[in-house]
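Okay, so here's the structure we're looking at.
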Amino acid sequence: MGSSRFSTRLLNISIASFCKSQQLEKAEATIADAIRLGYIPDVVTYNTLIPAYTHFVGFDAAYLILNRITKSGLTPDVVTYNSLIAGATRCSLVPQSLGLLEEMQRSGINPSVWTYNTLMHCFFISGQLEEARRMFDKIIYSNLTPCQTTFNTIINGLCKVGDTSNALLYFRRIQSRGFSPKIVTYNILINALCKSRKLREARRFLKELKESGHDPNAITYTTVIKWYFRSSRFEEGFKIFLEMKSKGYTFDAFAYCTVISTLVMKGKMEEANVCIEHMVRNGVLDIVSYNTLISFYCKEGKLESALKLLDEIDKGGMNTDEYTHTILIDGLCRTGDIDKAQQHLKHMKLRGYDTNFAASNCLISGLCKSGQYEYALKLFEKMEFKDSFTYTSLVHGFCKAGKFCEAANIMIKCLRSGMKVLTSVQRAVFYGLRDKGLGREVRKLRSAIRIARTYSRYKSELR
DNA sequence: ATAGGGTTAG
């Protein structure tokens, strides 16, 4: 029936628009209505829901769409699987991404360039360079043609693992072989260069971008503004902001969050507040926007306002994420409400956020601040994953309590795990040990640092 | 349907 096909297309358009404005319930209600009226959703209808479910609910919810497709007598296609792989990648679920690749091949669906691009990205962000390389080889051996995104993914991946110089070399090499960079490539490089503090080189790329006939877009502008603000060059940042406005670009959620969080970071609370008012007036808030707001209120010590937003998120049918809870735990610790912070951490575990160690890091530093070292140490020992924040917080805490031997021991553990303690905290440990006449401990620590340094040099030579 | 700018911790 021709008219029904036409209606399915209209249905899909309206589903896409609901998904885009994060109105999943309306999307689902529309599908239900359509079915009641005798129109049949097709695989495109369901595929459209996948990224929306990933984004606003979670990967598990997105994965359930697969069942709905088969239950409706439809067959998942390459787009279904590519979307699911992208969803798993988004949620940092590497094994699931690979499982999906196998699953799709078992169902007789051939992976496309998109599939491998996505998997390559997945491996890059999880630091598995060899595997990422293997995905590129798959593209070549499967007689698929690498595309612009393939190259951008590689450049971006190298940047994300901290290898900006190799990203640049690779970029220049493929450029000399006919790769013509577009705006995305430039944005990747400009951001990476800013991040590794090569601001001059970043500016050169901005110039190159303009000279090659491209116009900076909203992403370019947001990136540049962020880095001007971060280096406290507010005047220049606002100048760029005006240039952006004069080009007709408006702020989106990304731009607002970037600017607000950078201003908060710099302690410019009034300016941040002006920006927040704009953001709230201008658009639908997503979870990251809410997190940014909550962070602002926490830094201001207005925990009630922060908690009120939690209700608002709930009422809007949105889900909080690990950031939301980490920010709150940190806020509670900062106001000295350790008990509530601990309660909240338990609540996180119950909600399945147990792999999140950022929250534990906050709690460790909060416990140290309130003098509960024993408890901080217990929590530290229970933590399965630790990073340099974990170690630094604890070492810092012990220093402040005058327990320099304990601080030194934790620092040695940290060095042995291949991580570093913040330099200023390192200095505090040495100063304290010396002050107490603990020369033997000083020497022990020195030698641990030397060994760690040798080892890390050795590792970088191996690469 | 994939790649680029956003939220956490000293």
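The values are calculated or read from the model by the stated rules, or taken from the named source; none is laboratory data. Keep in mind the model is a prediction, meaning the values are calculated, not measured. With ideal geometry, Cβ positions are generated from the backbone for all residues, glycine too; neighbour counts draw on all protein chains shown. Areas reflect the complete protein model, heavy atoms only, side chains present, ligands, DNA and RNA absent. Shrake-Rupley method; radii C 1.70, N 1.55, O 1.52, S 1.80 Å.
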At 20 °C and 1.002 mPa s, the Stokes-Einstein diffusion coefficient in µm²/s for the stretch A:109-186, with hydrodynamic radius from the Kirkwood sum on alpha carbon pairs, is 170 µm²/s
In chain A the accessible area split gives carbon plus sulfur, as whole percent at 1.4 Å, a share of 54 percent
To the nearest Å², the heavy-atom accessible area per residue of the stretch A:147-250 with 1.4 Å probe amounts to 54 Å²
As straight-line cross-link partners of A:Lys268, the qualifying aspartates and glutamates (C-alpha separation under 15 Å, not fewer than 8 residues apart within one chain) are A:Glu235, A:Glu277, A:Glu300
Expected unfolding gain across A:Tyr375-A:Tyr141 under the 0.36 nm per residue rule, minus the alpha-carbon gap, is 78.7 nm
Of A:285-294, A:24-33, ordering from highest average Cβ density within 10 Å down gives A:285-294, A:24-33
Nearest 10, in degrees from 0 to 90: the angle of helix A:287-299 to the longest Cα principal axis of chain A is 20 degrees
Expected sort for A:254-260, A:56-62 on mean C-beta neighbours within 10 Å, highest first, is A:254-260, A:56-62
Filtered hits (aspartates and glutamates, Cα-Cα < 18 Å from A:Lys247, offset >= 8 within chain) -> A:Glu211, A:Asp215, A:Glu236
Here the residues of the stretch A:355-374 lying in the modelled label zone of A:Lys382, meaning backbone nitrogen under 12 Å from a point 7 Å along Cα-to-Cβ, are A:360, A:364
Taking Cα atoms, the helix A:373-382 axis meets the longest principal axis of chain A at an angle in degrees (rounded to 10) of 40 degrees
One finds, for A:Thr250 and A:Lys436 with R0 = 51 angstrom and r their Cβ-Cβ distance, a FRET efficiency to the nearest 0.05 of 0.30
Beyond 18 Å (Cα-Cα) in this structure, taken from A:Lys226/A:Lys299; A:Lys266/A:Lys340; A:Lys160/A:Lys266; A:Lys369/A:Lys400, we find A:Lys226/A:Lys299; A:Lys266/A:Lys340; A:Lys160/A:Lys266
Across the alpha-carbon set of the stretch A:18-108, Rg over Rh with Rh taken as the Kirkwood radius works out to 0.98
Computed, not fitted: 222 nm per-residue ellipticity of chain A from DSSP H runs ≥ 4 (each -39500 (n - 2.57)), nearest 500, equal to -24500 deg cm²/dmol
Once the in-chain neighbours fewer than 8 apart are removed, the lysines whose Cα is under 18 Å from A:Lys315 read A:Lys26
The convex hull of the Cα atoms of chain A, divided by residue count, gives a volume in Å³ per residue of 192 Å³
